[in-house]
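The values are calculated or read from the model by the stated rules, or taken from the named source; none is laboratory data. All values derive from a computational prediction rather than experimental measurement. Every residue, glycine among them, receives a Cβ derived from its backbone with ideal geometry; neighbour counts consider all protein chains shown.
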Amino acid sequence: KAGVTQTPRYLIKTRGQQVTLSCSPISGHRSVSWYQQTPGQGLQFLFEYFSETQRNKGNFPGRFSGRQFSNSRSEMNVSTLELGDSALYLCASSPDRAGTQYFGPGTRLLVL
Amino acid sequence: GQNIDQPTEMTATEGAIVQINCTYQTSGFNGLFWYQQHAGEAPTFLSYNVLDGLEEKGRFSSFLSRSKGYSYLLLKELQMKDSASYLCAVLNSGGYQKVTFGIGTKLQVIP
């Protein structure tokens, strides 16, 4: 099976812009989680989607949003970008609600 | 809330054994994961413990004590390629996929 894919892999934006990141989970996996990873904070949970419904949300401002499509593909959007949003954004999929997560390669976002 | 503690850095010698500890405090617990993350790469799954005791998988073993809120990852016969960050992560109870990660332990294996 193909692994989790994320696009784009690298992105440079300026403050105030918005960005959309995409994640395609492993075929058959219905749960998709998003994480932000920075050197100082480690992996921070953003949200989790299961069957197109957001089941959990981390402690991030409303500028961070996401959605999941019927084919389990997921997108996350960050509006009004801030310098502090520069990070590696990782998507992880799992076959069920509480299973092992398989991570994609991530999207490295740089906000200037 | 969730609180996960693990050492930020460790150094060990090739061929040796190293133990990476993780302690956690959580309002609900449904299992503990260990992931390996090489620099610039995505985390990859190593182990999952939900019951107390030791799980062995080749050179890697993981231990869990739920009553103590404690886990460790044991790496034997260290190889240079084991240099990576090791992430401890707790799965919340409740059936939803909310995993809280520790900040990770950066392990450097030296010759």
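Select from region B:69-96 the residues that are at pLDDT 95 or above, part of a loop (DSSP other than H, G, I, E, B) and at negative phi and list them in ascending order.
Listed by number, the residues that qualify are B:76, B:78, B:79, B:83.
Which residues, taken from region A:12-34, are within 14 Å of the chain's Cα centre (by Cα) and either loosely packed, with under 12 Cβ neighbours inside 10 Å or assigned to a strand (DSSP E or B) (or both)?
Matches in region A:12-34: A:19, A:20, A:21, A:22, A:23, A:24, A:31, A:32, A:33, A:34.
Taking region A:27-50, which residues are touching a Lys or Arg at 6+ places or on another chain (Cβ under 7 Å) and away from chain B (no Cβ under 12 Å)?
Matches in region A:27-50: A:27 only.
Regarding residue B:18, is this residue away from every other protein chain (no Cβ under 14 Å), touching a Leu at 6+ places or on another chain (Cβ under 7 Å) and aliphatic (A, V, I, L, M)?
Yes: the conditions hold for residue B:18.
Mind counting the residues in region B:59-68 that are loosely packed, with under 15 Cβ neighbours inside 10 Å and either among the small types (Gly, Ala, Ser) or closer than 15 Å to residue B:35 by Cβ (or both)?
The total comes to 2.
Every residue, every condition in (1) on the phi > 0 side of the Ramachandran plot; (2) among the β-branched types (Val, Ile, Thr), yes or no:
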{"residue": "A:41", "(1), (2)": "no, no"}
{"residue": "A:52", "(1), (2)": "yes, no"}
{"residue": "A:80", "(1), (2)": "yes, yes"}
{"residue": "A:86", "(1), (2)": "no, no"}
{"residue": "A:96", "(1), (2)": "no, no"}
{"residue": "A:104", "(1), (2)": "no, no"}
{"residue": "A:111", "(1), (2)": "no, yes"}
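List the residue pairs whose Cβ atoms are under 6 Å apart, where the first residue sits in region A:69-86 and is surrounded by 13 or more Cβ atoms within 10 Å (Cβ to Cβ), the second is assigned to a loop (DSSP other than H, G, I, E, B), and the two are 6 or more positions apart or on different chains.
A:72/A:25; A:72/A:30; A:78/A:63; A:79/A:18; A:79/A:63; A:81/A:15; A:81/A:17
Test residue B:105 against the criterion of being farther than 29 Å from residue A:49 by Cβ and within 12 Å of chain A (Cβ to nearest Cβ), and give yes or no.
So residue B:105 fits the description; yes.
Select, from B:47, B:62, B:85, the only residue that is within 12 Å of chain A (Cβ to nearest Cβ) and more than 21 Å from residue A:44 (Cβ to Cβ).
Going through B:47, B:62, B:85 in turn, just one is within 12 Å of chain A (Cβ to nearest Cβ) and more than 21 Å from residue A:44 (Cβ to Cβ): B:47.
May I ask you to say which residue of A:83, A:88 is within 14 Å of chain B (Cβ to nearest Cβ) and at pLDDT 95 or above?
None of the others qualify; the one that does is A:88.
Give the residues of region B:69-102 that are surrounded by 19 or more Cβ atoms within 10 Å (Cβ to Cβ), within 22 Å of residue A:93 (Cα to Cα) and of a type outside the set (Gly, Ala, Ser), sorted by residue number.
Selection gives B:86, B:87, B:88, B:90, B:91, B:92, B:97, B:98, B:99, B:100, B:101.
Across region B:2-21, what is the number of residues that are within 22 Å of residue A:58 (Cα to Cα) and in contact (Cβ under 8 Å) with a residue 60 or more places away in the chain?
4
Could you check region B:8-47 and list, in sequence order, the residues that are farther than 30 Å from residue A:10 by Cα and not in a strand (DSSP E or B)?
B:14, B:15, B:16, B:17, B:27, B:28, B:29, B:30, B:31
List the strands (runs of 3 or more DSSP E) that sit entirely inside region A:35-95 and contain at least 2 residues that are touching a Pro at 6+ places or on another chain (Cβ under 8 Å).
A:87-94
Determine, yes or no, whether residue A:48 is crowded, with 19+ Cβ neighbours inside 10 Å, modelled with pLDDT under 95 and in contact with a Ser or Thr (Cβ under 7 Å, 6 or more places away or on another chain).
The answer is yes for residue A:48.
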